[in-house]
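Note sheet for the following structure.
The values are calculated or read from the model by the stated rules, or taken from the named source; none is laboratory data. Computed from a predicted model, the values in this text were never measured in an experiment. Here the Cβ is made from the backbone with ideal geometry for all residues, glycine too, and neighbour counts use every protein chain on show. When the accessible area is computed, the model is the full protein with side chains, heavy atoms only, and any ligands, DNA or RNA have been set aside. Shrake-Rupley method; radii C 1.70, N 1.55, O 1.52, S 1.80 Å.
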Amino acid sequence: MTKFWIIAVSIFIITTLIIAKFTLKKFRSESDDREWRLWSGRSTYWQLTSLCSFGITVFIMFALKWINVVTF
């Protein structure tokens with residue numbers, strides 16, 4: 001079970017960093033500076049980033065389960 005959580009958390013962090021690297025500048029340039037400085041602009045971005053990263057992590061974990069690398 002420890003192996004599962006270590007792999008899942010590391011995949012989540014890596015995918016979050018990759019998504020943020022490719023989308024942060026575009027999202028920030030499209031949004032208003034005032035909105036970005038307030039909490040609502042940043043929180044919306046990070047919620048969407050976290051949700052996408054979670055979905056990718058779930059998909060990768062099921063793929064790893066399918067090829068018998070990780071057991072649930």
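Among residues of the range 1-16 being within 11 Å of the chain's Cα centre (by Cα) and crowded, with 16+ Cβ neighbours inside 10 Å, the one that is farthest from C52 (Cα to Cα) is I11.
Scanning the range 36-58 for residues that are more than 12 Å from the chain's Cα centre (by Cα), closer than 21 Å to I19 by Cα and open to solvent by 80 Å² or more (accessible area, probe 1.4 Å) yields a total of 3. The residues of the range 20-64 that are free of Cβ contacts under 8 Å to residues at least 24 places away in the same chain, under 19 Å from S10 (Cβ atoms) and not hydrophobic (A, V, I, L, M, F, W, C), listed by number, are K21, G55. The lone criterion from (1) farther than 29 Å from I60 by Cβ; (2) at pLDDT 85 or above; (3) not aromatic (F, W, Y) left unmet by R34 is number (2).
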